[in-house]
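The values are calculated or read from the model by the stated rules, or taken from the named source; none is laboratory data. In this text, all values refer to a predicted model and were calculated from it rather than measured experimentally. No Cβ is skipped: glycine too gets one built from the backbone with ideal geometry, and neighbour counts run over all protein chains shown.
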Amino acid sequence: PLDAATQDGKDIVVPYTKDKVKDAPRVAPDGHLEPAEEDQLYSYYELSSGFSRHDDQDTTDMAAGGGTVGHDTSGPTTDDAMTRSEEQLRVGTEKQATGRARLRKYVVTEMVTKTVPVQREEVRLEREPITDANRGAALDGPAISEEEHEVILHEERPVIQKETVPVERVRLDKETVTEQHTVTEEVRKENIELDDDGRNSH
């Protein structure tokens, strides 16, 4: 019933509650009302019989054929469709500092053992017989005398010298390692279903 309806922007507002309209007598949604159906609606909405059926018929036709199918019971009627939305999961990455690493050099003392050959001189007594070759040297000097000869002996000893030499260079570097991480999160989505009050059950 649009006799007491008002317009609020693009919305048509009628002075009836949502439950009142929902419980109204059912009519075929083909844009045409039979006289008996009109009488039921007049009686249900307690409308005065002084209204012209011609005027009411035009008003009903305009409401049914105005391009909007159905009525949005949760708010203003927009068009003949509704939009279904859903949440989608978007996962990204962010870089965080997890620790610091530094390169430090320290001294370690180790025992090193090496073997080196060393030489030494030892005294050895050699005797040779008198021959014609050495007879002259043997008879040189007094026949009987006392003599003393001295021999200096030498030997090698290990000499330890330490030398510092570079052996390697070490630098600190970073590398990127890629790992797979699985994340789980709830997402919501809208579903649309038909609620026809059982009229199409047969």
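Descriptive notes on the structure:
- When the stretch 141-163 is filtered for residues that are assigned to a loop (DSSP other than H, G, I, E, B) and within 30 Å of THR113 (Cα to Cα), the ones remaining, listed by number, are LEU153, HIS154, GLU156, ARG157, PRO158, VAL159, ILE160, GLN161, LYS162, GLU163.
- The stretch 3-28, residues that are over 54 Å from the mean Cα position of the chain (by Cα), modelled with pLDDT under 80 and loosely packed, with under 13 Cβ neighbours inside 10 Å: ALA4, ARG26, ALA28
- Test: residue in the stretch 63-83 that is outside any loop (DSSP other than H, G, I, E, B) and modelled with pLDDT under 85: yes
- Residue match in the stretch 31-51 (condition: modelled with pLDDT under 70, under 25 Å from LEU194 (Cα atoms), out of contact with any strand residue (DSSP E or B) (no Cβ under 8 Å at 6 or more places or on another chain) and not β-branched (Val, Ile, Thr)): yes
- Some residue of the stretch 158-178 being in contact with a strand residue (DSSP E or B) (Cβ under 9 Å, 6 or more places away or on another chain) and of a type outside the set (Ser, Thr, Tyr): no
Yes/no per residue for (1) within 60 Å of the chain's Cα centre (by Cα); (2) in a loop (DSSP other than H, G, I, E, B); (3) in contact (Cβ under 8 Å) with a residue 40 or more places away in the chain:
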site: GLU128; (1), (2), (3): no, yes, no
site: ALA133; (1), (2), (3): no, yes, no
site: VAL165; (1), (2), (3): yes, yes, no
site: LEU172; (1), (2), (3): yes, yes, yes
site: THR178; (1), (2), (3): yes, yes, no
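- Considering (1) part of a loop (DSSP other than H, G, I, E, B); (2) surrounded by 10 or more Cβ atoms within 10 Å (Cβ to Cβ); (3) hydrophobic (A, V, I, L, M, F, W, C), the lone condition that ALA138 does not fulfil carries the number (1).
- Qualifying residues in the stretch 119-135 (those that are hydrophobic (A, V, I, L, M, F, W, C) and surrounded by fewer than 10 Cβ atoms within 10 Å (Cβ to Cβ)) - the one farthest from PRO158 (Cα to Cα): ALA133
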